[in-house]
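The values are calculated or read from the model by the stated rules, or taken from the named source; none is laboratory data. Note that the structure is a prediction, hence the values are computed from the model and not measured. Every residue, glycine among them, receives a Cβ derived from its backbone with ideal geometry; neighbour counts consider all protein chains shown. What goes into the accessible areas is simple: the full protein's heavy atoms, side chains included, and nothing from ligands, DNA or RNA. Shrake-Rupley method; radii C 1.70, N 1.55, O 1.52, S 1.80 Å.
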Amino acid sequence: MVKSLTKQDKQKISAAITEAEKATSAEIVLVVAETSDTYQDYVLLVALAVSGLPAGILWTENLLTEFPYLFIVQLVVIALFSFVPVLRNFCIRFVPKRIQHYRAAHRAYGEYINISQNIPATVPVLIFYISIAEHYAHIVAGRLVHEKMPNETWDSIIDEFAKRITTKDLAEACIEATQNITSKLAQYFPAENTKNYISDEVIIPEILNPKT
């Protein structure tokens, strides 16, 4: 899932969500994060290991032998890994998948808590959370939805999304997943009103995606 959304993609998905919600009284929210965590602990570990290479080469070749300067070289390398997105993403590859998925799931529930605060408790809500860096997708259903539809209900949709993302772009896969979600929600939560409690726009967490 090494893909991202353009402005046009976001507009298409938002239109698809608006259309989908005409068939159900539930609120469907799509959250797409570039990454679910900063993984600063792993970034520092990888950067510390890599920073020894240029310092070692400089010392071995007698290009730079004084400790303070070699230490500065290491600090510069560590800083680059901490602040350059490409290098940070490189470090994420060394994070065990189990840890990536755990932190992505934690982030998904955090997004649900933030979003559900703006929606009345009497309104069914479901969040489709996608984290690009972790290649992770998760559906978080609110209490009203969960009472009628257990978590296993969404496994097939997540599996299908994972397959589609390998052959389609992210926007198309999101739209198809939204339609599949709606078809299941409509069985228990048919359309009763057209009131929207939250925007149908794709939510991009700003803290972890400063450029969006």
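Out of the residues in the range 144-165 meeting the condition of being outside any helix (DSSP H, G or I) and either among the charged types (D, E, K, R) or open to solvent by less than 40 Å² (accessible area, probe 1.4 Å) (or both), tell me which one is nearest to Ile181 (Cα to Cα). Steps first, please.
Residues of the range 144-165 outside any helix (DSSP H, G or I): 149-150, 165.
Next cut, either among the charged types (D, E, K, R) or open to solvent by less than 40 Å² (accessible area, probe 1.4 Å) (or both) only: 149, 165.
Working: Met149: 11, Ile165: 16 Å.
Ranking the qualifying residues of the range 144-165, first place goes to Met149.
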Taking the conditions exactly as written (open to solvent by 60 Å² or more (accessible area, probe 1.4 Å) and more than 21 Å from Ala33 (Cβ to Cβ)), does Glu201 satisfy them or not?
no
Condition check for Asn118: open to solvent by 80 Å² or more (accessible area, probe 1.4 Å) and outside any helix (DSSP H, G or I)
yes
Those residues of the range 36-90 that are among the acidic types (Asp, Glu), open to solvent by less than 80 Å² (accessible area, probe 1.4 Å) and without any contact (Cβ under 8 Å) to a residue 40 or more places away in the chain come to a total of 1
If you scan the range 16-41, which residues turn out to be outside any loop (DSSP other than H, G, I, E, B) and within 9 Å of the chain's Cα centre (by Cα)?
Val31, Val32, Ala33
